[in-house]
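Engineer: This structure is in C-alpha cells; I'll ask about it shortly.
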Amino acid sequence: MTGVMMADQSRELAERFNRQMRDVILLLRRVSMDQPITVQQLAVLGSLQSGSRRMSELAAEHGVRLPTMTMQINRLVRDGLVTRGADAADARVVTVSITPVGAETLRTARAQRIDFLADRFAALSEDERAAIATALPAFDKLCADSEESSR
C-alpha cells in the first residue's frame, strides 16, 4: 500500500471518527443536562480529582485561555466545589483543589453517565460490545499521544 493510499485512508478514518466523537459528546451532554453545573465544569472537576492543579495547567489541558478558566473556577468556588490556594514554591501561582462537595458532584455525574452508557451497551449484541472493547486500547493510545503532545 502506498503512502498516499494510507494517508487517504487515515483521513477518511479521521473524518468518520470526528463525526462519531461529536455524536458521543452531544449524547453525553444531553445525559448531563440536569446536573447543577455545566459539562465543562464537570470536566474541570475531573481534572482536579487526582490533586491540586495550577490554573495555567487547567487552562492548557482544557484548551482555553486563562481568563476563561478563571471564570469557570470562579463559578466553582462560588458553588463550593473547588477552593483556590497558592503554590508553596511561588506565591504568585494560583492553584485549585476539589472540595468534598465537588468530589461528590463529580461522582454523581459520572455514575449517571456510566448508568446511561451501560444501558446503551446492554442493547448491543455481544459481538458489537466485543468490537468496542477490542477498539479501546487503540483509542487509549490515540488519546495518550494527543495528551503528551499538548503538554
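Every number in this text was worked out from the coordinates using simple rules, so none of it is lab data. Given the structure is predicted, the values throughout are model-derived calculations rather than measurements. Every residue, glycine as well, gets a Cβ built from its backbone with ideal geometry; the counts of neighbours run over all protein chains shown.
Engineer: Just to be sure I understand: with springs between alpha-carbon atoms less than 10 Å apart, which residue in Arg110, Arg129, Arg30 has the highest mean-square fluctuation in the Gaussian network model of the chain?
Structural biologist: In this elastic network of the chain, the residue with the biggest mean-square fluctuation among Arg110, Arg129, Arg30 is Arg129.
Engineer: In nm, give the distance between the simple-model label positions of Ala133 and Ala7, each being 7 Å from the Cα along the Cα-to-Cβ direction.
Structural biologist: Simple spin-label model gives 3.9 nm for this pair.
Engineer: Given the DSSP H assignment, sum -39500 (n - 2.57) over each helix run of at least 4 residues in the chain and divide by its residue total; what's the result at 222 nm in deg cm²/dmol, nearest 500? Don't jump to the answer; show the numbers that get you there.
Structural biologist: Values: 6 runs with 107 residues, N = 151.
Taking each H run of at least 4 residues, the total per residue is -24000 deg cm²/dmol.
Engineer: Moving to a separate point now. Once you place label points 7 Å from the Cα toward the Cβ at Asp79 and Asp115, how far apart are they in nm?
Structural biologist: Each label point lies 7 Å from its Cα, and together they span 1.9 nm.
Engineer: Only Cα pairs under 8 Å and at least 6 apart count here; give the relative contact order of the chain as a rounded whole percent. Intermediate values should be presented prior to the final figure.
Structural biologist: Numbers: 100 pairs, mean separation 32.3, N = 151.
Rounded, it is 21 percent for the chain.
Engineer: ³J(HN,Hα) across segment 90-100 via Karplus (A = 6.51, B = -1.76, C = 1.60, θ = phi - 60°), whole Hz, x for Gly/Pro?
Structural biologist: 8, 5, 6, 7, 8, 10, 9, 10, 7, 8, x
Engineer: Which value, in nm² and rounded to one decimal, describes the direction-averaged projected area of the C-alpha convex hull of segment 67-127?
Structural biologist: 6.8 nm²
Engineer: Take the alpha carbon atoms of the chain, find their radius of gyration, then divide it by 2.2 N^0.38 Å using N residues; give the quotient. The partial results should precede the final answer.
Structural biologist: Values: Rg = 18.8 Å, N = 151, 2.2 N^0.38 = 14.8 Å.
In units of the globular-protein estimate, the chain measures up at 1.27.
Engineer: Next up: If you plug each phi of segment 54-68 into the Karplus form 6.51 cos²θ - 1.76 cosθ + 1.60 with θ = phi - 60°, what whole-Hz ³J(HN,Hα) values come out, in order, with x for Gly and Pro?
Structural biologist: Couplings: 6, 4, 5, 5, 4, 4, 5, 4, 8, x, 10, 7, 4, x, 5 Hz.
Engineer: Next question. Rounded to whole Å and sorted largest first, what semi-axes of the equivalent ellipsoid does the C-alpha gyration tensor of segment 14-71 yield via the square root of 5 times each eigenvalue?
Structural biologist: Details: eigenvalues 109, 50, 22 Å².
For segment 14-71, the ellipsoid semi-axes come out as 23, 16, 10 Å.
Engineer: Tell me, what does the Kirkwood hydrodynamic radius of segment 93-137 come to in angstroms if you use every pair of distinct C-alpha atoms?
Structural biologist: Value: 13.1 Å, from the Cα pair sum.
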